[in-house]
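Any read-out appearing in this document is the output of simple, stated calculations on the displayed coordinates, not a laboratory observation. If you're wondering where the values come from, they're calculated on a predicted model, not measured in any experiment. Don't worry about glycine lacking a Cβ; one is built from the backbone with ideal geometry, like all the others, and counts go over all protein chains shown.
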Number of protein chains: 2
Amino acid sequence: MAGDSPRDLVFITSNTNKVVEVKGILKEYGIESKHMDLEYPEIQADSIHEVALTSARHLCERVNRPFFIEDAGLFIEALEGFPGPYSSYVHKTIGNSGILKLMERVQQRASKFESVVAYADSIREIVVFRGVAEGNISLEARGEGWGFDPIFIPKGANKTYAEMGIDAKQRLSHRRTALERFAVWINQRKRNGGLKFSL
Amino acid sequence: MAGDSPRDLVFITSNTNKVVEVKGILKEYGIESKHMDLEYPEIQADSIHEVALTSARHLCERVNRPFFIEDAGLFIEALEGFPGPYSSYVHKTIGNSGILKLMERVQQRASKFESVVAYADSIREIVVFRGVAEGNISLEARGEGWGFDPIFIPKGANKTYAEMGIDAKQRLSHRRTALERFAVWINQRKRNGGLKFSL
């Protein structure tokens, strides 16, 4: 990243689907961030909070500037929280059709999408922000979208995330909520003079 | 573990179901081992080899004596290897009934159980041993047993692991194969004078 300052805030992910969405939301709050394409280990744990926190701790040893990561998962009530922290593996293997098959003949379709943002500042403090979107698993896949977007209907809507289009989805997504909390906190800290990187 | 020698070989697991089985197999080869009940992190990875290797590396920093761990997974061909390295989480959430539901109307039922043993010696070299049992997913759960044993029929058998009883299962299990390879290697190394712990 030639020409970058070691004080620039970086968003670390190898999932390019997320980059535009994440940077866009932060920008609304006046926060510039750069993308760093880096793979990092994730542990097996029942909560994505724990997964992200451990990854951030690990990354602190490799990345010498303020950074954040984002992890998300779909938790289905009738399936005891499955696929939860293993959402991307489950999507890659059994996919949306596997989830719909598991949910055949299941009346109780409540589920939630959860997002966590783990931020490490220049003195290696880590803070985690969380966003949740409640909703239901649809009866069939509808719309074009990545991940579980075609089978998740947020509460109060009758379209799936995928049918809504990215703008409408982003207005109520779990990822937006987590990022907004992060952004508000960053700006507050900046006003209080406690921020260690340049915006 | 009062009275233990720091040179004793220890088997680290928090899954007590495994202890008797694992210690028994090693004993057949004249190898004594002690159980250490310790939880350790596992990473998310597509192969259990990688999961076990990373856990062993981590444990090297915490455990000051020769040790081994064992990890196993069920890989179902028609489900792209699912549940694989996440077998215990998947069992805890959707369970055997979830797997059978995913396999409804699926003709191709081939699957394999895989076990890896990761051993770290006193100079912190790590060696990994692997055992595989080929088989099929049954049409329904049969027999009493832990994990996926009631839905796995090993090749050449018509009973599930759970129906066979522990002795018959152990004669052809993936875990036995991995442990036997480990035991043969240990004994060979001992004969060659290269072994650093007391047996």
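Peptide B:82-94 has a mean shielding of 6, counted as Cβ atoms of other protein chains within 10 Å of each residue's Cβ. Of the cross-linked pairs B:Lys112/B:Lys190; B:Lys18/B:Lys190; A:Lys34/A:Lys101; A:Lys34/A:Lys169; B:Lys101/B:Lys159, those separated by over 28 Å at the C-alpha level are B:Lys112/B:Lys190; A:Lys34/A:Lys101. In sequence order, segment A:97-113 has phi-based couplings of 5, x, 4, 5, 5, 4, 9, 4, 6, 9, 6, 6, 10, 4, 7, 9, 9 Hz under the Karplus curve 6.51 cos²θ - 1.76 cosθ + 1.60, θ = phi - 60°, and Gly or Pro positions carry x.
In this structure the amide hydrogen of A:Lys34, modeled in the peptide plane, comes within under 5 Å of the amide hydrogens of A:Leu9, A:Val10, A:Phe11, none closer than 5 places in sequence on its chain. Relative to the longest principal axis of the Cα atoms of chain A, helix A:174-191 runs at roughly 20 degrees. Counting from the shortest, the label point at B:Trp146, 7 Å from Cα toward Cβ, is 3.9 nm from the same position in each remaining copy. If you plug the beta carbon distance of A:Asp46 and B:Ala78 into 1/(1 + (r/R0)^6) with R0 = 30 Å, you get a FRET efficiency near 0.65. Simple point charges give the picture: +1 on the Cβ of Lys and Arg, -1 on the Cβ of Asp and Glu, and for segment A:10-190 a dipole about the Cα centre of about 380 debye. Taken one residue at a time, the phi angles of segment A:42-48 give Karplus couplings (6.51, -1.76, 1.60, θ = phi - 60°) of 10, 8, 8, 7, 7, 10, 6 Hz. Gly and Pro are set to x. Remark: label point of B:Gly165 defined 7 Å out from Cα along the Cα-Cβ vector; separations to the same position in other copies 6.8 nm, ascending. Backbone amide hydrogens, once placed in the peptide plane, bring A:Ile43 within less than 5 Å of A:Ser55, B:Gln44, excluding anything fewer than 5 places away on its chain. The H on the amide N of A:Ser122, modeled in the peptide plane, is under 5 Å from the matching H of A:Lys196, each at least 5 residues off or on a different chain. Put simply, the Cα atoms of chain B extend 54, 32, 29 Å along their principal axes, the longest span coming first. Which residue fluctuates most in the GNM of chain B (Cα springs below 10 Å): B:Ser173, B:Ser14, B:Ser138? Answer for the Gaussian network model of chain B: B:Ser14.
For B:Val20, inter-copy separations between label points set 7 Å beyond Cα along the Cβ vector come to 5.9 nm, shortest first. Mind checking which of A:Val184, A:Ala162, A:Trp146 is farthest towards the positive end of segment A:138-199's charge dipole, using Cβ charges of +1 (Lys, Arg) and -1 (Asp, Glu) about the Cα centre? Result: A:Val184. Overall shape of the protein assembly as shown was characterised from the C-alpha gyration tensor. The equivalent ellipsoid obtained from it has semi-axes of 42, 30, 15 Å, in decreasing order.
Along the axis of the charge dipole computed for chain A (Cβ charges of +1 for Lys and Arg, -1 for Asp and Glu, origin at the Cα centre), the listed residues A:Gln108, A:Leu26, A:Asn15 are led at the positive end by A:Leu26.
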